[in-house]
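The values are calculated or read from the model by the stated rules, or taken from the named source; none is laboratory data. Not measured: the values here are computed from a predicted model. Reconstructed Cβ throughout: ideal geometry from the backbone, glycine too, with neighbour counts over all protein chains shown. Accessible surface is based on the protein model in full, side chains and every heavy atom, while ligands, DNA and RNA are left aside. Shrake-Rupley method; radii C 1.70, N 1.55, O 1.52, S 1.80 Å.
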Amino acid sequence: MRTEISTAAAFVTRLLRAAGGIGEEQLRCFRECLQEALREHYKHHWFPLVPSKGSGYRCIRINHKMDPLIGKAAGMIGLSHERLFQLLPSELTLWVDPFEVSYRIGEDGSICVLYESPQPGGKTSKPLESRSSCKEEWGIGRSSPSKNYNMMTVSS
């Protein structure tokens, strides 16, 4: 769970960094606060033997409403929901599951994998789609203004 949470928090932090206007110390604090909020939120909803169980509960979602966990971490560094909406995509879905962290920007965007590791017992997670397509289609299907985001891929 530690790696998946760290990957998710680092991804959101990287989106904020790319948008600019937030200092490194604030970003570090945000990342740590988000990691702690996710650990607490997922504590009784993490099922490595059945990774898809609880996936909806663990989903981080911005869809014209701010995800409460992101909002909580941002509040710890003095960022309002209004400011977050300016900095982050207006539609972002981030799935944090055992052995895989993936995201989608926009309702019609590609699903891109940030982290994937083999499941115990030799099971493998669903195969990775072409990672280059995620980079190429970064702006396709987005409803938020165009912003320059750097892609981050984490693998084990």
Task: Residue in region 55-66 that is nearest to residue 16 (Cα to Cα), counting only those that are in contact (Cβ under 8 Å) with a residue 24 or more places away in the chain and part of a loop (DSSP other than H, G, I, E, B) - done: 64
Open item on the list: Looking for something open to solvent by less than 10 Å² (accessible area, probe 1.4 Å), in contact with a helix residue (DSSP H, G or I) (Cβ under 9 Å, 6 or more places away or on another chain) and not in a loop (DSSP other than H, G, I, E, B) - is there at least one such residue anywhere in region 39-53?
Closed with: yes
TODO: Hey, can you tell me all the residues within region 100-116 that are of a type in the set (Phe, Trp, Tyr) and under 18 Å from residue 85 (Cβ atoms)?
DONE: 103
- [ ] Kindly indicate which of 111, 140 is modelled with pLDDT under 50, of a type in the set (Val, Ile, Thr) and open to solvent by 20 Å² or more (accessible area, probe 1.4 Å).
- [x] 140
TODO: Please find, within region 79-109, the residue that is farthest from residue 22 (Cα to Cα) out of those that are assigned to a loop (DSSP other than H, G, I, E, B) and among the hydroxyl-bearing types (Ser, Thr, Tyr).
DONE: 90
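This table checks each residue for (1) modelled with pLDDT under 95; (2) among the basic types (Lys, Arg); (3) within 13 Å of the chain's Cα centre (by Cα).
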site: 24; (1), (2), (3): no, no, no
site: 28; (1), (2), (3): no, yes, no
site: 39; (1), (2), (3): no, yes, no
site: 63; (1), (2), (3): yes, no, no
- [ ] Would you tally the residues in region 67-99 being open to solvent by 20 Å² or more (accessible area, probe 1.4 Å), in contact with a strand residue (DSSP E or B) (Cβ under 8 Å, 6 or more places away or on another chain) and in contact (Cβ under 8 Å) with a residue 60 or more places away in the chain?
- [x] 1
Open item on the list: Which residue is farthest from residue 34 (Cα to Cα), if the candidates are limited to region 65-90 and must be charged (D, E, K, R) and at pLDDT 95 or above?
Closed with: 67
